[in-house]
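Written out below as structure tokens is the structure these notes cover.
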Ligand SMILES: [Zn+2]
């Protein structure tokens, strides 16, 4: 009897330990002195990763911490905040949302309640307003009760320029927007002293990028060219490990460029969309995670965009 009880108890302990092991652990890794990144899972949004399948940045200044993106939910944001506290005693004074995708901004409500100033580019506003409800509805079946308390909360400070230099706690942070990329409000955060760029969804590595209905591949490449001109020492991409320029060029720029060149020609010669997608040679990028799932949609949306140009 006692032995059976012990065995049952052991099974219960083991099962809960496995559950914990599968839950996402938010941990910031150092990128440079005072600069950190949490590298999210490269797969889709799941109950286990709580929609934190994107990278989050952290810059610690002498007068407060800057968080780059707030995560996909209220509870996720609370977890991010706990991870910040492991790194610094500074309060999170600012959040910059790098775009209008759920995991960039649905944690805003949590930080707004802490008195954090939430900043984004004005081009993100209509997109956030239009899609916030859809994001919640799409996350609900995956995140279930982990989505509780999440209310789409818009930023309180909207940047309107292409290039805005912010002085945050004595640290110069440059925000650059070139008309959007993956979403209309996509921007990059450039730290000129450290030569580090937080690219948001302008750069994806290790996994396939997503061209979604609100994306614009032409402006995406313009954004990318702006990032290249900065000659960053390191890039914290929107998705994937911290990298340098050649990797970002190979996995984001070259793919978008090849797609656009191919689809422009197809549209020009009157080739139909199905044939154009089939004729595109995606071999160089099919090894990226999620490629089989995302490439067909990327190809068809690029064709449709070029048809409109
Ligand atoms: Zn994303």
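Here are the numbers for this structure:
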{"quantity": "Cα pair distances of the range 235-309 binned at 10 Å [whole percent]", "calculated": "18, 48, 26, 7, 0"}
{"quantity": "GNM flexibility winner over the chain from 298, 97, 167 (Cα, springs under 10 Å)", "calculated": "167"}
{"quantity": "Interatomic Cα distance distribution for the range 182-309, bins of 5 angstrom, percent", "calculated": "2, 11, 22, 23, 19, 12, 7, 3, 1, 0"}
{"quantity": "Per-residue Cβ neighbour rank within 10 angstrom, fewest leading, 220, 158, 105, 285", "calculated": "158, 285, 220, 105"}
{"quantity": "Rg followed by Dmax, in Å, when the range 171-211 is reduced to its Cα trace", "calculated": "11.3, 33"}
{"quantity": "Beta bridges by DSSP in the range 23-244, antiparallel share as percent, to the nearest 5", "calculated": "65 percent"}
{"quantity": "Mean projection area, nm², convex hull over Cα of the range 23-244", "calculated": "10.3 nm²"}
{"quantity": "Residue among 283, 150, 252 with the largest mean-square fluctuation in a Gaussian network model of the chain, springs linking Cα atoms under 10 Å", "calculated": "283"}
{"quantity": "Rounded tilt (10° steps) of 254-268 against the dominant C-alpha axis of the chain", "calculated": "40 degrees"}
{"quantity": "Relative compactness, the range 153-245, computed as alpha-carbon Rg over 2.2 N^0.38 Å", "calculated": "1.05"}
{"quantity": "Cα long-axis angle, helix 217-229 against the chain (0 to 90 degrees, to the nearest 10)", "calculated": "80 degrees"}
{"quantity": "Antiparallel content of DSSP bridges confined to the range 69-188, in %, to 5", "calculated": "55 percent"}
{"quantity": "Calculated [θ] (222 nm, deg cm²/dmol) that DSSP helices of n ≥ 4 give over the chain, each run adding -39,500 (n - 2.57)", "calculated": "-12000 deg cm²/dmol"}
{"quantity": "Sequence of 75, 140, 176, 278 once ranked by neighbouring C-beta atoms within 10 Å, starting from the fewest", "calculated": "278, 140, 75, 176"}
{"quantity": "Ordering of 177-186, 256-265 by packing [mean C-beta count within 10 Å, highest first]", "calculated": "177-186, 256-265"}
{"quantity": "Contact order normalised by residue count of the chain, Cα under 8 Å, 6+ apart, percent", "calculated": "14 percent"}
{"quantity": "Cα-only radius of gyration and Dmax that characterise the range 54-163, units Å", "calculated": "13.3, 41"}
{"quantity": "Per-peptide average of other Cβ atoms within 10 Å, ordering 202-208, 132-138 highest first", "calculated": "202-208, 132-138"}
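Coordinate-derived values only; no laboratory data. Just so it is clear, the structure is predicted and the values come from calculations on it, not from any experiment. Glycine gets a Cβ as well: all are built from the backbone with ideal geometry, and neighbour counts include every protein chain shown.
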